[in-house]
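The values are calculated or read from the model by the stated rules, or taken from the named source; none is laboratory data. None of these values were measured; they are calculated from a predicted model. Positions of Cβ are backbone-derived with ideal geometry, glycine not excepted, and every protein chain shown enters the neighbour counts. Heavy atoms of the whole protein, side chains included, go into the accessibility calculation; ligands, DNA and RNA do not. Shrake-Rupley method; radii C 1.70, N 1.55, O 1.52, S 1.80 Å.
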Amino acid sequence: MIGQRLVEDMTPAERERAERVESVLPALRAAAEQADATATFPASHVALLREAGLLGLVVPEKFGGLGGTLRDLAAATYAMGTACPSTALAYFFHNTSASRGLLPLEAIDAGLFDDAEIPVVRAFAEKVLTRMGEGVWLANFASESVKTSAANITIATTARKVDGGWILNGEKSFGCATGVADYYLTSARLEGHETAEGLATFFVPREAPGVSTRAPWDGLGMRATANNGIRLADVFVPADEALGVPGAFTKMLTMSRGSFVGNQLAIAAVYTGCAQRVYDEILTATTTKRFADTDEPIASSPVHQLLFGEMTRSLQTAYLWLRYQLAVETAEVPFKSKQEVFAQWRLGKGAVTEACFRVALGALKAGGTSAASMHGVTGRALRDLAMGLVMTFPAERGMLEVARIVTEARANDLFATAPVEAAR
């Protein structure tokens, strides 16, 4: 199976879940070119993924899901990335919503909430997971156009307490499945709070009064993700559709194994699947097409040999980073601290996405002018993989952050209290 090219040591249960993913790939692949050309997420994909049970892939079975883990999600987004990267990306963001259910429940078990908070937190968390298990598509809206120098994601959307619930106002600039998802799982800042302690999460129905779609996103990469974003103008959200407990968001995040909510490597798996597809396509094209004078495959030329050597190295670089990150985030007995896992990912994200982009660039060169089309696999891959260079953070930011972590840790090591004998 395609997903097994990334997750090579699947268990029988993981293979069974991967077979469900495999079953939808032909439909995703068939719709990919038209979806890209029209920059439209295929509406039929929602029912396709729902009927396959995949909207509950990482939801525990007791909530109606398939009981998968990050390994399953990485294999799924990788496999979908070989067929339609846009669908894979939108699917990834749907699955990130599960963290809003899983992590709060872990935080409860860890004793991070008091007795008064637990019922509210548990009810919201279980609602997230139950809806996903039932096949509800959730669009996870966090990113905004407002930026600050201190964070990758800044939340300016506000939530004001009113009788029976909350009033939301703001704009979300990035979030796949706009106009597609059943609910927008929306992050907002509680009125009166200025720190992350005031971040809260809300279920916003797609058709709720006051919700509108921003201008169409004419993006460079992954054009069929329905990535327009939304505007919220005095949107009312009932109290039981919100997790408005101050501090709940930050307590939740402490439970993740990796950075943020702990599933970010699955987005890099999308790019790796896309890179593998374009690699396979150009390899087939240049080994089956031959020179007219020698009858040798085009791929046998010195230039092509060099290009394939570089593409192969880049592709393997992506696999090595991804597999190791997956190992450190899913080991039953953790063997790295969360800080180490975090630093690893800050480097790994940039390493994977830049390696994947180099594969597409090599494919463009190897294919020549015939590959330089907006509608072929190579042209689409080049544009799709360009998105990875900037999404969340570029490689340069990750390297700077890791350098700061490493040097500050070592600098602190330079200062210590003197032994008692030395002080005499």
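Worth pointing out:
- The criterion of at least 2 residues that are open to solvent by 30 Å² or more (accessible area, probe 1.4 Å), at pLDDT 95 or above and among the β-branched types (V, I, T) is met by the following helices (runs of 4 or more DSSP H) wholly inside region 237-335: 265-288, 302-330.
- When residues of region 199-208 are limited to those that are touching a helix residue (DSSP H, G or I) at 6+ places or on another chain (Cβ under 7 Å) and not hydroxyl-bearing (S, T, Y), the one most open to solvent (accessible area, probe 1.4 Å): L199
- With respect to the conditions (1) of a type in the set (S, T, N, Q); (2) open to solvent by 60 Å² or more (accessible area, probe 1.4 Å); (3) at pLDDT 90 or above, T369 falls short on a single one, namely (3).
- For the residues R313, R257, R290, the requirement of being of a type in the set (D, E, K, R), under 24 Å from G348 (Cβ atoms) and more than 16 Å from the chain's Cα centre (by Cα) singles out R313.
- Residue match in region 173-183 (condition: among the hydroxyl-bearing types (S, T, Y), in contact with a Pro (Cβ under 8 Å, 6 or more places away or on another chain) and in a strand (DSSP E or B)): yes
- Neighbours by Cβ (under 9 Å, 6+ apart or cross-chain): first from region 1-30, open to solvent by less than 20 Å² (accessible area, probe 1.4 Å) and modelled with pLDDT of 95 or more; second in a helix (DSSP H, G or I) and of a type in the set (F, W, Y): G3/Y78; L6/Y78; L6/Y319; V7/Y78
- Just one residue in the set K161, K172 is farther than 22 Å from L103 by Cα, more than 22 Å from the chain's Cα centre (by Cα) and basic (K, R); that residue is K161.
- Tally, over region 184-198, of residues that are open to solvent by 50 Å² or more (accessible area, probe 1.4 Å) and not in a helix (DSSP H, G or I): 6
- Flag if A355 is open to solvent by less than 10 Å² (accessible area, probe 1.4 Å) and either in a helix (DSSP H, G or I) or modelled with pLDDT under 95 (or both): yes
- Residue match in region 224-235 (condition: assigned to a strand (DSSP E or B), among the charged types (D, E, K, R) and touching a strand residue (DSSP E or B) at 6+ places or on another chain (Cβ under 7 Å)): yes
- Check on G56, closer than 17 Å to V136 by Cβ and either touching a Cys at 6+ places or on another chain (Cβ under 6 Å) or among the small types (G, A, S) (or both): yes
To keep it simple, each residue is scored yes or no on (1) in contact with a helix residue (DSSP H, G or I) (Cβ under 6 Å, 6 or more places away or on another chain); (2) open to solvent by 40 Å² or more (accessible area, probe 1.4 Å).
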| residue | (1), (2) |
| --- | --- |
| A43 | no, yes |
| V46 | no, no |
| R50 | no, yes |
| V58 | yes, no |
| G64 | yes, yes |
| R71 | yes, yes |
| A76 | yes, no |
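- For region 113-141, the candidate set comprises residues that are assigned to a loop (DSSP other than H, G, I, E, B) and open to solvent by less than 60 Å² (accessible area, probe 1.4 Å); within that set, the residue that is farthest from V245 (Cα to Cα) is G135.
- Residue list for region 83-112, filter: β-branched (V, I, T) and either surrounded by fewer than 24 Cβ atoms within 10 Å (Cβ to Cβ) or closer than 16 Å to L185 by Cβ (or both): T96, I108
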